[in-house]
Amino acid sequence: MNFWGLKTFCLVTGASRGIGKTIAIEFSKHVAPGSLFVLIARTVEGLEGTKETILAGTEGKGINVHTAVMDLLHPSAEEYANLISSALEGVQETATSFKHALLVHNAGNLGNAKRRVIEMDNFTEIQNYWTVNITSMIMLTSEFFKVFNETDPSILQRSVVQITSLAGVDPFKCWGYYSAGKACRDMIMKTLAMEESRIQVISWAPGPVETDMFHEACRETGDQSVTEIMNETLTSGKVLSPLTSVTKLITVLENKQFVKGEHVDYFDV
Ligand SMILES: NC(=O)c1ccc[n+]([C@@H]2O[C@H](COP(=O)([O-])OP(=O)(O)OC[C@H]3O[C@@H](n4cnc5c(N)ncnc54)[C@H](OP(=O)(O)O)[C@@H]3O)[C@@H](O)[C@H]2O)c1
């Protein structure tokens, strides 16, 4: 089964900027007419900018875009279900009119990168990190596949692309929240892949990519040795553009260069 070229319902979290914005724009060039992109973030201007770029880049191809301002700090099963149904209603379609249901868990944050593990003493900060980066993605996955469920044979493909990080495998000082969050997301994806034989799952580590988060990591990391690595990556030109990283992801998906449910790093393929 081809990954690309199908009439696709694609939901991307964190599509207002950075890697998520580029994923939404580039993925929209590889799907069939009538596809629908649902974009989530907190910033309306960013979402509208992504929408405009998608529509300009796919003019005449009948690609639809639905944007939703949502804060993943307050996940709600009802809101996620309503979002999917209102996006479908907006184009007067049902889930079964799509051949591919594709969920992209991209949104995330670095967390407080000044704290060493023994300094993590703030309950709200800890809870908020897990809520945005883990709880919300678990709940969204559940609501998404309630709608795009396997009882209908007309949906040919169901997929999840989770954006992870090398930090989910290797620890970095002061990135305890970030590394633990990515490791947890990776394991949720492995479990999903094991449980659901008909859902394609990949955890994609995009490499070092020049985005707001990358600059925040250079500025805000509490550990000097990690800050030096980040800054050296930036100044030596080793940092990737979002387009370079996402273009490789598109090829990896196209050529199925991944073991279902596994963590795949930009530099390993
Ligand atoms: N950049 C890198 O080098 C790198 C490396 C490895 C992995 N990653 C991963 O790639 C993904 C994207 O990162 P990025 O570098 O593109 O980061 P970014 O530039 O900071 O973008 C983060 C995106 O997530 C959204 N977001 C953040 N918090 C949110 C919340 N509470 N509710 C809803 N949306 C929220 C942001 O939108 P709003 O602010 O509009 O809400 C934005 O669209 C992340 O999962 C990150 O961990 C990045």
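The values are calculated or read from the model by the stated rules, or taken from the named source; none is laboratory data. Just so it is clear, the model here is predicted, and its values are computed rather than measured. Neighbour counts run over all protein chains shown; Cβ positions are idealised from the backbone, glycine included.
Would you pick out the residues in the stretch 133-184 that are closer than 19 Å to residue 207 by Cβ and of a type in the set (S, T, N, Q)?
Across the stretch 133-184, the qualifying residues are 162, 164, 165, 179.
Just checking, which of 40, 25, 19 is on the phi < 0 side of the Ramachandran plot, at pLDDT 95 or above, more than 10 Å from the ligand (Cβ to nearest atom) and within 16 Å of the chain's Cα centre (by Cα)?
Of the residues listed, the single one that is on the phi < 0 side of the Ramachandran plot, at pLDDT 95 or above, more than 10 Å from the ligand (Cβ to nearest atom) and within 16 Å of the chain's Cα centre (by Cα) is 25.
Please count how many residues of the stretch 5-16 are more than 7 Å from the ligand (Cβ to nearest atom) and either within 17 Å of the chain's Cα centre (by Cα) or basic (Lys, Arg) (or both).
Going through the stretch 5-16 one residue at a time, the tally reaches 6.
Residue 32 versus (1) assigned to a loop (DSSP other than H, G, I, E, B); (2) more than 16 Å from the ligand (Cβ to nearest atom); (3) closer than 29 Å to residue 183 by Cβ; (4) of a type outside the set (Lys, Arg): which is the lone unmet condition?
For residue 32, the failing item is (3).
Applying the selection to the stretch 184-221, what residues are within 27 Å of residue 100 (Cα to Cα), in a helix (DSSP H, G or I) and either within 12 Å of the ligand (Cβ to nearest atom) or acidic (Asp, Glu) (or both)?
Of everything in the stretch 184-221, those that are within 27 Å of residue 100 (Cα to Cα), in a helix (DSSP H, G or I) and either within 12 Å of the ligand (Cβ to nearest atom) or acidic (Asp, Glu) (or both) turn out to be 185, 186, 195.
Would you check which residues across the stretch 146-158 are over 16 Å from residue 82 (Cβ atoms), buried (at least 17 other Cβ atoms within 10 Å of the Cβ) and out of contact with any His (no Cβ under 7 Å at 6 or more places or on another chain) and list them?
If the condition is that a residue be over 16 Å from residue 82 (Cβ atoms), buried (at least 17 other Cβ atoms within 10 Å of the Cβ) and out of contact with any His (no Cβ under 7 Å at 6 or more places or on another chain), then 155, 158 are the ones that fit.
Residue 65: within 13 Å of the ligand (Cβ to nearest atom), in a strand (DSSP E or B) and touching a strand residue (DSSP E or B) at 6+ places or on another chain (Cβ under 9 Å), yes or no?
In short, no.
May I ask you to list the residues in the stretch 26-52 that are under 18 Å from residue 211 (Cα atoms), surrounded by fewer than 24 Cβ atoms within 10 Å (Cβ to Cβ), without any contact (Cβ under 8 Å) to a residue 60 or more places away in the chain and in contact with a helix residue (DSSP H, G or I) (Cβ under 8 Å, 6 or more places away or on another chain)?
Answer for the stretch 26-52, where residues must be under 18 Å from residue 211 (Cα atoms), surrounded by fewer than 24 Cβ atoms within 10 Å (Cβ to Cβ), without any contact (Cβ under 8 Å) to a residue 60 or more places away in the chain and in contact with a helix residue (DSSP H, G or I) (Cβ under 8 Å, 6 or more places away or on another chain): 46, 49.
Filter the stretch 162-182 down to residues that are crowded, with 17+ Cβ neighbours inside 10 Å and among the aliphatic types (A, V, I, L, M) and give me whichever is farthest from the ligand (Cβ to nearest atom).
Going through the qualifying residues, I end up with 180.
Which is more than 11 Å from the ligand (Cβ to nearest atom), assigned to a helix (DSSP H, G or I) and touching a residue at least 12 places away in the same chain (Cβ under 8 Å), of 136, 142, 159, 154?
142
Just need a number here: residues in the stretch 222-258 that are away from the ligand (no atom under 12 Å from the Cβ), surrounded by 12 or more Cβ atoms within 10 Å (Cβ to Cβ), in a loop (DSSP other than H, G, I, E, B) and under 23 Å from the mean Cα position of the chain (by Cα).
Total satisfying the criteria: 3.
Just need a number here: residues in the stretch 43-62 that are touching a strand residue (DSSP E or B) at 6+ places or on another chain (Cβ under 8 Å) and more than 15 Å from the ligand (Cβ to nearest atom).
1
Looking at the stretch 259-269, which of the residues that are without any contact (Cβ under 8 Å) to a residue 24 or more places away in the chain and surrounded by fewer than 13 Cβ atoms within 10 Å (Cβ to Cβ) is farthest from residue 170 (Cα to Cα)?
259
Consider residue 123 carefully, then state whether it is aromatic (Phe, Trp, Tyr) and either buried (at least 16 other Cβ atoms within 10 Å of the Cβ) or within 15 Å of the ligand (Cβ to nearest atom) (or both).
No; evaluated as a whole, the condition is false for this residue.
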